[in-house]
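Student: First, the structure itself, so that you have it in front of you.
The values are calculated or read from the model by the stated rules, or taken from the named source; none is laboratory data. In this text the structure is predicted, and so the values were computed from the model without any measurement. Don't worry about glycine lacking a Cβ; one is built from the backbone with ideal geometry, like all the others, and counts go over all protein chains shown. Ligands, DNA and RNA are excluded from the accessible area calculation, which covers all protein heavy atoms including side chains. Shrake-Rupley method; radii C 1.70, N 1.55, O 1.52, S 1.80 Å.
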Amino acid sequence: MLKLYKYLKKYTAHIIAIVVLVFIQVMANLYLPTLMSDIVDKGLVNKDMNYIWKTGGYMLLISGAGAICSVIASLFSAKTAVGLGTIIREKLFTKVESFSLHEFDKIGTATLITRTTNDVNQVQQVTVMLLNMMIMAPLTCIGGVVMALGEDKKLTWIFAIVIPFISIVLALVLRKALPLFKLMQVKLDKLNLVLRENLTGIRVIRAFNRIETEKVRFDAANSDLMNNAVSVNIIMAVLMPLMMLVLNVTSVAVVWFGGIRIDNGGMQVGSLMAFIQYAMQILFSFLMLTMMFVLVPRAQASAVRINEVLDTEAEIVDIEDYKTAKNEKGYVEFKDVSFSYAGAEQPAINNISFSARPGETTAIIGGTGSGKSTLVNLIPRFYEAQQGTVLVDGVDVKEMTQEELRSKIGFVPQKNVLFSGTIAENIRYGNKNASLEEIKHAANISQATDFISGMDEGYDHYIAQGGTNVSGGQKQRLSIARALVRKPEIYVFDDSFSALDFKTDAKLRAALKNETKDATVIIIAQRVSTVMDADRIIVLDEGKVAGIGTHSELMKNCSVYHEIVASQLSEEELA
């Protein structure tokens, strides 16, 4: 957890102010019992009302000053803790944004959400307590012992028994609770994972009538978290009653043995009252530590999980001596490229070589799992090629900055994602400076104008989160418009026409020809009709190139392509 507190440098002045204010508050609290003792032993005994009023006035002033210091210290503590939480969330978000898809696959989306929200909140809550109690408790304990010694040295032997006893109890409880606190966050991850899967997969769950099964699955994860939380709370519940018992027994012991000291003439009544107050302050300081120890173990577990994300080294990073493409524009070339997913038995793609040039359409076709999407994901460096070289504009993509590389590419992914906002905002996501005319032009090319104009708000129609209020075909056309408005050098369409009917597909491809005539176009498709007119068709089979050529060439020379065509077209169409 200490690693996270390095981000508090910005709040150094706040922390210094908190230390000073808490110190003043503790000194005020420690001085009050002494003044009360003087009132009893001097004012009441001598019946000196002037002294009582004067000392009472000092007590009121000191109490007021302590209260003001406490309020201001709490305000600074809250600002510092919230500021720390803001910084950590920002660091986490920035770090996660730099991850490649491999890091996302390895860590998991559900746990990243938990670490950015719940775990940061745990650290934030403990920071507020630490800035107050961690300073106040030791000062109060040490100061209380010193002041108690000043009142009566012989009676302080009680603390020599009580303090070690409390320390041993705290150590035993924390030893039992700490592992359970670590498990708490893991089980919360599991609960978030199940919940997220149910929310995103609700259509599949209902389609297969698996609602009851998913309820059982959720209840299992929920009960697991509950049982762990109950176990932790049972352990921690021992602390508070035990501390109160020790506090009350100590009070009785102080009064008992203090009374004996007064009878023997070794102590005054005022000193006993002050001693009782110091004993309470010492024990309350341990009570504060107890409250802190209830939250610190869980926050420690959360801090470890946050640091795991922050310490994760991104596989894909920009090199210092990066290169900039100058001469060529829109050229893509693969040279003996191979790639394997983590834990896979065989490569997803193996020894792939081809080139794509501006003004040409390169289509990639193949069976399910043949490596089509994996191949195009290497162009914008979503994944890193493990062997071979991917070149864009004559430069190895590993030697370019990710920002420059991706600015050259208009990417339409296989899974269309829309963001909450208007249609215009979603299309403008491809180019933040795009005018309304450019947005309308992109929508017209992508065949989206008809359904947009049919909406009451038109381009101001609000898209729900995930695009749930538009159809699959409408989402696909808006995703294509988003890429078109970017006006990139390279267009990558990863199975981006699958949700379109044949008529819309044909009209869209015809419109695209003129729009992308100076750019490189790479299309992944399942339908033969989508790729037949391409300048170059690459046929993939089990991660390897089975053939490269035009439609007519592949029909003669590539058996894999012939099988795909035969499975989709009739004998008359083949002829």
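Student: When you look at Asp460, is it touching a strand residue (DSSP E or B) at 6+ places or on another chain (Cβ under 6 Å) and charged (D, E, K, R), yes or no?
Tutor: Against the criterion (touching a strand residue (DSSP E or B) at 6+ places or on another chain (Cβ under 6 Å) and charged (D, E, K, R)), Asp460 qualifies.
Student: Val397: touching a Pro at 6+ places or on another chain (Cβ under 9 Å) and either open to solvent by less than 40 Å² (accessible area, probe 1.4 Å) or closer than 23 Å to Thr516 by Cβ (or both), yes or no?
Tutor: yes
Student: So which residues in the stretch 305-328 are loosely packed, with under 15 Cβ neighbours inside 10 Å and of a type in the set (Val, Ile, Thr), if there are any at all?
Tutor: Within the stretch 305-328, Val317, Ile319, Thr324 meet the criteria.
Student: Okay, next question. Could you pull out the residue among Ala348, Ala342 that is open to solvent by 30 Å² or more (accessible area, probe 1.4 Å) and aliphatic (A, V, I, L, M)?
Tutor: Ala342
Student: Now for a separate question. Can you tell me which residues in the stretch 490-515 are of a type in the set (S, T, N, Q) and surrounded by fewer than 21 Cβ atoms within 10 Å (Cβ to Cβ)?
Tutor: Ser498, Thr504, Asn514, listed by residue number.
Student: Could you please find all residues in the stretch 365-394 being touching a Lys or Arg at 6+ places or on another chain (Cβ under 6 Å) and open to solvent by 10 Å² or more (accessible area, probe 1.4 Å)?
Tutor: If the condition is that a residue be touching a Lys or Arg at 6+ places or on another chain (Cβ under 6 Å) and open to solvent by 10 Å² or more (accessible area, probe 1.4 Å), then Gly388, Thr389 are the ones that fit.
Student: Residues to consider are Lys91, Lys54; find the one that is under 23 Å from Gln125 (Cα atoms) and of a type in the set (Lys, Arg).
Tutor: Just one listed residue meets the conditions, Lys91.
Student: Moving on to the next point. In the stretch 1-14, which residue that is within 12 Å of Leu131 (Cβ to Cβ) and among the aromatic types (Phe, Trp, Tyr) is surrounded by the fewest Cβ atoms within 10 Å (Cβ to Cβ)?
Tutor: If we take residues in the stretch 1-14 being within 12 Å of Leu131 (Cβ to Cβ) and among the aromatic types (Phe, Trp, Tyr), then Tyr5 is surrounded by the fewest Cβ atoms within 10 Å (Cβ to Cβ).
Student: Of these, Val169, Val204, which one is over 31 Å from the mean Cα position of the chain (by Cα), modelled with pLDDT of 80 or more, surrounded by fewer than 18 Cβ atoms within 10 Å (Cβ to Cβ) and part of a helix (DSSP H, G or I)?
Tutor: Of Val169, Val204, the one residue that is over 31 Å from the mean Cα position of the chain (by Cα), modelled with pLDDT of 80 or more, surrounded by fewer than 18 Cβ atoms within 10 Å (Cβ to Cβ) and part of a helix (DSSP H, G or I) is Val169.
Student: Here is a further query. Considering only residues of the stretch 456-466 that are of a type outside the set (A, V, I, L, M) and over 23 Å from Glu515 (Cβ atoms), which is farthest from the chain's Cα centre (by Cα)?
Tutor: Asp456
Student: Next question, about the same structure. Can you list the helices (runs of 4 or more DSSP H) lying wholly within the stretch 456-575 that have 1 or more residues being more than 30 Å from Ser420 (Cβ to Cβ) and without any contact (Cβ under 8 Å) to a residue 24 or more places away in the chain?
Tutor: Filter on the stretch 456-575 gives 502-515, 551-557, 559-568, 571-574.
Conditions (1) modelled with pLDDT of 85 or more; (2) touching a Lys or Arg at 6+ places or on another chain (Cβ under 9 Å); (3) within 25 Å of Pro358 (Cα to Cα), marked per residue:
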position	(1), (2), (3)
Ser498	no, yes, yes
Asp505	no, yes, yes
Ala534	yes, no, yes
His551	yes, no, yes
Asn557	yes, no, no
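Student: Now for a separate question. Taking the stated definitions as given, is Arg261 basic (Lys, Arg), open to solvent by less than 50 Å² (accessible area, probe 1.4 Å) and touching an Asp or Glu at 6+ places or on another chain (Cβ under 7 Å)?
Tutor: Answer is no for this residue.
Student: What number of residues in the stretch 329-339 are open to solvent by 20 Å² or more (accessible area, probe 1.4 Å) and touching a helix residue (DSSP H, G or I) at 6+ places or on another chain (Cβ under 8 Å)?
Tutor: Residues that pass the stated criteria total 0.
Student: While we're on this one: When you go through (1) surrounded by 14 or more Cβ atoms within 10 Å (Cβ to Cβ); (2) without any contact (Cβ under 8 Å) to a residue 24 or more places away in the chain one by one for Leu193, which number turns out not to apply?
Tutor: So Leu193 meets the others, but not (2).
Student: Same structure again: What number goes with the only condition from (1) open to solvent by 20 Å² or more (accessible area, probe 1.4 Å); (2) in contact with a Phe, Trp or Tyr (Cβ under 8 Å, 6 or more places away or on another chain) that Glu403 does not pass?
Tutor: With (1) open to solvent by 20 Å² or more (accessible area, probe 1.4 Å); (2) in contact with a Phe, Trp or Tyr (Cβ under 8 Å, 6 or more places away or on another chain) applied to Glu403, the lone miss is (2).
Student: With the structure loaded, tell me whether Thr504 is of a type in the set (Ser, Thr, Tyr) and closer than 20 Å to His551 by Cβ or whether it fails that test.
Tutor: Answer is no for this residue.
Student: In the stretch 406-444, how many residues are among the small types (Gly, Ala, Ser), touching a residue at least 40 places away in the same chain (Cβ under 8 Å) and open to solvent by less than 20 Å² (accessible area, probe 1.4 Å)?
Tutor: 5
Student: Okay, moving on. Looking at (1) within 25 Å of Ser338 (Cβ to Cβ); (2) under 42 Å from the mean Cα position of the chain (by Cα), which one does Ala519 not meet, given that it meets all the others?
Tutor: All conditions are met except number (1).
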